[in-house]
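Some notes on the structure that comes next.
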Amino acid sequence: MTQPRIPHHVAIVMDGNGRWATRRYLPRVAGHKKGMDTLRACLRHCGERGIKVLTVFAFSSENWSRPADEVSGLMELLAVALAREIPQLRGEGVRVQFVGDRAPLSEKVRAGLAQAEADTASNNRLVFNVCFNYGGRWDIAQAAAKLAERGEPITEKSLGAALALAHVPDPDLIIRTGGEERLSNFLLWQAAYAELFFSERLWPEFDAAALDEALAAYASRERRYGMTSEQVAAPATPADRKAA
Ligand code: IPE
Ligand code: IPE
Ligand code: MG
């Protein structure tokens with residue numbers, strides 16, 4: 001039996017923590033805490049499946065609009081995760097990268113992010129991108145601003161290289177949990193040719209079987225990149241291209 005096609009890069013909008021908590025008469029932050037357990041398990045499962053890059057949406061540039069206690073709860077969770085999880089990830093060959101605007105974060109958290117990245121920089125089993133205070137529009141704007149400042153021409157290639165996720169190839173599969181079918185400002189540029197998978201499950205309930213379901217759906221898709229099905233089945237040889 002041939003191995004199912006595994007995506008190189010999986011990106012996830014981890015949505016539904018609040019609803020998970022509210023349904024249990026718990027504060028929303030309890031849902032985010034539970035979501036952290038799901039993420040830990042999911043990262044491990046991705047490694048076992050041979051996925052090389054996992055990118056997760058942890059806090060959007062729009063999430064600052066939430067109630068103050070929820071925002072501070074999420075900041076607190078980030079600080080706790082930095083202290084607790086990094087040594088383990090380091091030992092497991094995971095390279096951690098934070099993606100997003102760090103300027104509004106506290107100096108202590110910023111130092112923690114930089115330390116976590118430095119501690120795992122030489123790992124190469126799996127790249128784990130955590131999008132925190134991230135927005136797709138922010139990313140495109142900051143990339144354009146960088147090029148303008150350097151006086152470089154703006155092309156698809158130069159802009160792509162100036163984006164915050166330039167260290168990894170574009171996602172092959174984007175999963176969103178929680179039943180909503182939208183991107184909410186996640187990876188706008190990089191989503192161009194990603195396969196999308198929407199799960200009804202709330203993020204705290206997204207277990208290994210649910211991830212496998214998304215991977216199976218991915219393996220069954222045909223990625224055509226603008227070509228015809230026939231072309232995908234029999235890619236043109238250099239000789240064919242010359243003849244055309
Ligand atoms: C996603 O879960 C996590 C963050 C946005 C930080 P939500 O908190 O959005 O959960 P719902 O959508 O309200 O259920
Ligand atoms: C997207 O979820 C952001 C994260 C998962 C971090 P939201 O819950 O913020 O998205 P909307 O507001 O429902 O679009
Ligand atoms: Mg939500």
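The values are calculated or read from the model by the stated rules, or taken from the named source; none is laboratory data. Predicted, not measured: the structure shown is a model, and the values here were computed from it. Here Cβ is always computed from backbone atoms with ideal geometry, including for glycine, and neighbour counts include all displayed protein chains. Accessible surface is based on the protein model in full, side chains and every heavy atom, while ligands, DNA and RNA are left aside. Shrake-Rupley method; radii C 1.70, N 1.55, O 1.52, S 1.80 Å.
Taking ALA79 and the conditions (1) more than 27 Å from GLN190 (Cα to Cα); (2) open to solvent by 80 Å² or more (accessible area, probe 1.4 Å), which numbered condition does it fall short on, given that it satisfies the others?
(2)
What's the total number of residues in the stretch 141-166 that are under 22 Å from TYR225 (Cα atoms) and open to solvent by 50 Å² or more (accessible area, probe 1.4 Å)?
5
Does at least one position in the stretch 78-96 carry a residue that is within 13 Å of ligand 2 (Cβ to nearest atom), assigned to a helix (DSSP H, G or I) and either over 16 Å from the mean Cα position of the chain (by Cα) or over 23 Å from ASP170 (Cα atoms) (or both)?
yes
Taking the stretch 35-55, which residues are hydroxyl-bearing (Ser, Thr, Tyr) and in contact with an Asp or Glu (Cβ under 8 Å, 6 or more places away or on another chain)?
Within the stretch 35-55, THR38 is the sole residue that qualifies.
Do you know which residues across the stretch 1-24 are of a type outside the set (Ser, Thr, Tyr), open to solvent by 60 Å² or more (accessible area, probe 1.4 Å) and more than 21 Å from PHE197 (Cα to Cα)?
MET1, ARG23, ARG24 - these are the residues of the stretch 1-24 that are of a type outside the set (Ser, Thr, Tyr), open to solvent by 60 Å² or more (accessible area, probe 1.4 Å) and more than 21 Å from PHE197 (Cα to Cα).
So for the stretch 192-202 (the condition being in a helix (DSSP H, G or I) and open to solvent by less than 70 Å² (accessible area, probe 1.4 Å)), does at least one residue qualify?
No, because not a single residue in the stretch 192-202 is in a helix (DSSP H, G or I) and open to solvent by less than 70 Å² (accessible area, probe 1.4 Å).
Hey, can you tell me all the residues within the stretch 203-219 that are more than 16 Å from ligand 1 (Cβ to nearest atom) and either open to solvent by less than 90 Å² (accessible area, probe 1.4 Å) or touching a His at 6+ places or on another chain (Cβ under 8 Å) (or both)?
Passing the criteria: ASP207, ALA208, ALA209, LEU211, ASP212, ALA214, LEU215, ALA216, ALA217, TYR218, ALA219.
Here is a list of conditions, (1) more than 11 Å from ligand 1 (Cβ to nearest atom); (2) within 16 Å of the chain's Cα centre (by Cα), and TYR25 meets all of them except one; can you say which number that is?
(2)
Are there any pairs, at least 6 apart or on different chains, whose C-beta atoms fall under 6 Å, with the first in the stretch 10-31 and within 30 Å of GLN190 (Cα to Cα) and in a loop (DSSP other than H, G, I, E, B) and the second away from ligand 3 (no atom under 12 Å from the Cβ) and of a type in the set (A, V, I, L, M, F, W, C), and if so, which?
Between residues of the stretch 10-31 that are within 30 Å of GLN190 (Cα to Cα) and in a loop (DSSP other than H, G, I, E, B) and residues that are away from ligand 3 (no atom under 12 Å from the Cβ) and of a type in the set (A, V, I, L, M, F, W, C), the close pairs are MET14/VAL56.
Hey, any hits in the stretch 25-44 for a residue that's of a type in the set (Ser, Thr, Tyr) and open to solvent by less than 70 Å² (accessible area, probe 1.4 Å)?
yes
Just to check your reading of the model, which residue among GLY160, GLY226, GLY179 is over 17 Å from the mean Cα position of the chain (by Cα) and more than 16 Å from ligand 2 (Cβ to nearest atom)?
GLY226
Which is farther than 23 Å from LYS34 by Cα and either buried (at least 18 other Cβ atoms within 10 Å of the Cβ) or polar (S, T, N, Q) (or both), of ASN129, ASN124?
Answer to the selection: ASN124.
Just wondering, is there one or more residues in the stretch 47-60 that are within 12 Å of ligand 1 (Cβ to nearest atom), open to solvent by less than 20 Å² (accessible area, probe 1.4 Å), in contact with a helix residue (DSSP H, G or I) (Cβ under 7 Å, 6 or more places away or on another chain) and not β-branched (Val, Ile, Thr)?
yes
Can you pull out the residues in the stretch 33-62 that are without any contact (Cβ under 8 Å) to a residue 60 or more places away in the chain and farther than 27 Å from ALA219 by Cβ?
Residues satisfying the conditions are LYS33, MET36.
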